[in-house]
Amino acid sequence: YEGGRHDQRLDKIKDKEFSKGERDTSCETNTNNGKLILVDHPLVQHKVSIIRDKNTSVKEFRELVQEIAGLMAYETTRTLALEPIDVETPITRTVGKTLQGKKLAVVPVLRAGLGMVEGILRLIPNAKVGHVGLYRDPETLEPVEYYCKLPNDIQERDIFILDPMLATGGSAVAAIDLVKRQGGKKISLVNLIAAPEGVRRVHASHPEIDIYVAALDEKLNDHGYIVPGLGDAGDRLFGTK
Ligand code: URA
């Protein structure tokens, strides 16, 4: 991306600050200050370009989605709380740091969100995995809920809702609603590609949510697809079409 093109798109998201992989920690306690955070590491951008390519095979697409999700985890987990831990090295005793408390839950939105889970679990193998099942009604483009199973200690966990595409935002808002209804409190959304419309809709309904994206695209087309996007992420992950 050229910076200029990004800036134009970002101008459209007038009420939100866009943060390029950086967080304003002074705002962490402000519950109405959810951010859009672009994870624009060169490796991420490189891999996103490959998954956009319509000639990329299902196998490669799948592998790259996992890799991008894993690389994004570096940023999404940046503010996790740490606590001291005693460690005995071969040389001496010391105090290291360990993740505090109940840690994480990742919640893929079925089905395309599944494509991101393994990439994150490779880095955070003890994270619990919940599932939210939503599909988009092809006529209304509104989400319909058909499944929800979350860890029973969800209220104590940092929750990352996973969906490769943030399009209209309807599914994301419905997924966040569902997770909140089940007690989830510390929720972030992780998408590979977002449309400005989706970002606005999520922040209109859930202003405190941080949204992590690898790319912010131009717009939605008349069929609710992100432009330029990558097509239907579920179809490309699972080879259905
Ligand atoms: N879902 C997708 O998989 N792709 C889009 O472009 C929009 C929604």
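Would it be correct to say that Pro196 is at negative phi and either modelled with pLDDT under 95 or touching a helix residue (DSSP H, G or I) at 6+ places or on another chain (Cβ under 7 Å) (or both)?
yes
If you take the residues in region 215-238 that are near the ligand (Cβ under 7 Å from one of its atoms) and of a type in the set (Gly, Ala, Ser), which one is nearest to Leu36 (Cα to Cα)?
Of everything passing the filter in region 215-238, Gly229 is nearest to Leu36 (Cα to Cα).
If you go through region 40-51 one residue at a time, do you hit one that is of a type in the set (Gly, Ala, Ser), more than 23 Å from Ile187 (Cα to Cα) and at pLDDT 90 or above?
yes
Can you find a residue that is in contact with an Asp or Glu (Cβ under 8 Å, 6 or more places away or on another chain), modelled with pLDDT of 95 or more and surrounded by fewer than 17 Cβ atoms within 10 Å (Cβ to Cβ) anywhere in region 233-241?
No, there is no match, as no residue in region 233-241 is in contact with an Asp or Glu (Cβ under 8 Å, 6 or more places away or on another chain), modelled with pLDDT of 95 or more and surrounded by fewer than 17 Cβ atoms within 10 Å (Cβ to Cβ).
Just checking, does region 132-146 include any residue being surrounded by 15 or more Cβ atoms within 10 Å (Cβ to Cβ), within 16 Å of the ligand (Cβ to nearest atom), farther than 18 Å from Phe61 by Cβ and at pLDDT 95 or above?
Within region 132-146 (the criterion being surrounded by 15 or more Cβ atoms within 10 Å (Cβ to Cβ), within 16 Å of the ligand (Cβ to nearest atom), farther than 18 Å from Phe61 by Cβ and at pLDDT 95 or above), the answer is yes, since at least one residue qualifies.
If you scan region 79-104, which residues turn out to be under 13 Å from Ile124 (Cα atoms) and charged (D, E, K, R)?
Selection gives Lys102, Lys103.
Mind checking whether some residue in region 77-94 is within 23 Å of Gln155 (Cα to Cα) and buried (at least 18 other Cβ atoms within 10 Å of the Cβ)?
So far as region 77-94 goes, yes, one or more of its residues are within 23 Å of Gln155 (Cα to Cα) and buried (at least 18 other Cβ atoms within 10 Å of the Cβ).
Take region 135-173 and flag every residue that is within 23 Å of Met72 (Cα to Cα) and among the aliphatic types (A, V, I, L, M).
Passing the criteria: Leu150, Ile154, Ile159, Ile161, Leu162, Met165, Leu166, Ala167, Ala172, Val173.
Looking for something among the charged types (D, E, K, R) and within 16 Å of the ligand (Cβ to nearest atom) - is there at least one such residue anywhere in region 156-163?
Yes, that holds for at least one residue.
Would you mind stating whether Val107 is within 22 Å of the chain's Cα centre (by Cα) and either touching a residue at least 60 places away in the same chain (Cβ under 8 Å) or assigned to a strand (DSSP E or B) (or both)?
For Val107, the condition - within 22 Å of the chain's Cα centre (by Cα) and either touching a residue at least 60 places away in the same chain (Cβ under 8 Å) or assigned to a strand (DSSP E or B) (or both) - is met.
Is it true that Glu197 is touching a Lys or Arg at 6+ places or on another chain (Cβ under 8 Å), within 15 Å of the ligand (Cβ to nearest atom), within 23 Å of Leu38 (Cα to Cα) and not polar (S, T, N, Q)?
yes
The values are calculated or read from the model by the stated rules, or taken from the named source; none is laboratory data. This is a predicted model, so every value here is computed, not measured. Because the Cβ atoms are built from the backbone with ideal geometry, glycine has one as well, and the counts that use them run over all protein chains shown.
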